[in-house]
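Okay, so here's the structure we're looking at.
The values are calculated or read from the model by the stated rules, or taken from the named source; none is laboratory data. Everything numeric here is computed off the predicted structure, so don't read it as measured data. Every residue, glycine among them, receives a Cβ derived from its backbone with ideal geometry; neighbour counts consider all protein chains shown. Please note that ligands, DNA and RNA were not included when accessible areas were found on the heavy atoms of the full protein model with its side chains. Shrake-Rupley method; radii C 1.70, N 1.55, O 1.52, S 1.80 Å.
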Amino acid sequence: RMDKAEVYAPLQERLWQTLLVLGILTLACGAGLVNVWRQQQIRHYRGRAAVLDALRESEERYRLLAETTRDIILLHDMEGRITYVNRAGLDFGGFDEVEALGKPITAFVPPDRLAEIVERRARRAIGNETTFLYETEFVDNAGRRIPVEVNSTPIQREGKPAQMLIVARDVTERKQTE
């Protein structure tokens, strides 16, 4: 006659072996999942780093372009306050950055040309988002009126104009030859 221990001993041994194999497989699967997750994280961060590098290079390129061009480049908010002006703009007007930033664009336009600004703002307010090309005059730090050709374009954020990009060129020589 066999007692219970003898009957169940081989089954218990098999059960322990099965549990051990299942435990090892579970750990291996877990390690594999962790490895896959780590590889995805590495790919994600490498991709993100590549995008940030490309963005940084693009910003450097455009900053170099803006700072080395002879054209005046400035940004102003929709209330007309200057938020950026490039080196050519500062040199053109005889201003330093502190004098220019935060000031209204109207401070650099002769009083008799202010009506033109009001008219263009009104056209922008009713939704005209096209690029305007026009001639006007700027006033430099010494009070001289300088004829300029201006290209103004709205910069959109969330579907609404947030800033105006102004690119202007001194046309004094052209006016003198005309």
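When the stretch 95-111 is filtered for residues that are part of a helix (DSSP H, G or I) and either in contact with a Pro (Cβ under 8 Å, 6 or more places away or on another chain) or in contact (Cβ under 8 Å) with a residue 40 or more places away in the chain (or both), the ones remaining, listed by number, are GLU99, ILE105. Can you name every residue in the stretch 116-173 that is in contact (Cβ under 8 Å) with a residue 24 or more places away in the chain, farther than 18 Å from LYS103 by Cβ and among the hydroxyl-bearing types (Ser, Thr, Tyr)? If the condition is that a residue be in contact (Cβ under 8 Å) with a residue 24 or more places away in the chain, farther than 18 Å from LYS103 by Cβ and among the hydroxyl-bearing types (Ser, Thr, Tyr), then THR172 is the only one that fits.
Which of the residues spanning the stretch 70-81 are open to solvent by less than 40 Å² (accessible area, probe 1.4 Å) and either part of a loop (DSSP other than H, G, I, E, B) or within 18 Å of ARG169 (Cβ to Cβ) (or both)? Listed by number, the residues that qualify are ASP71, ILE72, ILE73, LEU74, LEU75, HIS76, GLY80.
Looking across the stretch 96-126, just one residue is closer than 12 Å to ILE72 by Cβ and either open to solvent by 40 Å² or more (accessible area, probe 1.4 Å) or in contact with a His (Cβ under 7 Å, 6 or more places away or on another chain) (or both), and that is ILE105. Condition test on ILE42, is it among the aliphatic types (A, V, I, L, M) and within 30 Å of PHE108 (Cα to Cα)? So ILE42 fails the test. Selection of the stretch 82-94 for residues being open to solvent by less than 40 Å² (accessible area, probe 1.4 Å) and not in a helix (DSSP H, G or I) yields ILE82, VAL85, ASN86. In the stretch 127-155, the qualifying residues are those that are over 15 Å from THR172 (Cα atoms), of a type outside the set (A, V, I, L, M) and over 29 Å from the mean Cα position of the chain (by Cα), and the one that is least open to solvent (accessible area, probe 1.4 Å) is GLY143.
Within the stretch 156-178, the residues that satisfy the criterion of being more than 22 Å from LEU90 (Cα to Cα) and open to solvent by less than 60 Å² (accessible area, probe 1.4 Å) are PRO161, ALA162. Would you be able to tell me the number of residues in the stretch 17-39 that are open to solvent by less than 100 Å² (accessible area, probe 1.4 Å) and under 43 Å from the mean Cα position of the chain (by Cα)? Summing the residues that are open to solvent by less than 100 Å² (accessible area, probe 1.4 Å) and under 43 Å from the mean Cα position of the chain (by Cα) in the stretch 17-39 gives 8.
Among the residues of the stretch 46-64, is there at least one that is over 30 Å from GLN156 (Cα atoms), without any contact (Cβ under 8 Å) to a residue 40 or more places away in the chain, open to solvent by 80 Å² or more (accessible area, probe 1.4 Å) and part of a helix (DSSP H, G or I)? There is at least one residue in the stretch 46-64 that is over 30 Å from GLN156 (Cα atoms), without any contact (Cβ under 8 Å) to a residue 40 or more places away in the chain, open to solvent by 80 Å² or more (accessible area, probe 1.4 Å) and part of a helix (DSSP H, G or I). For GLY93, the stated conditions do not hold, so it cannot be described as under 21 Å from LEU65 (Cβ atoms) and modelled with pLDDT of 90 or more.
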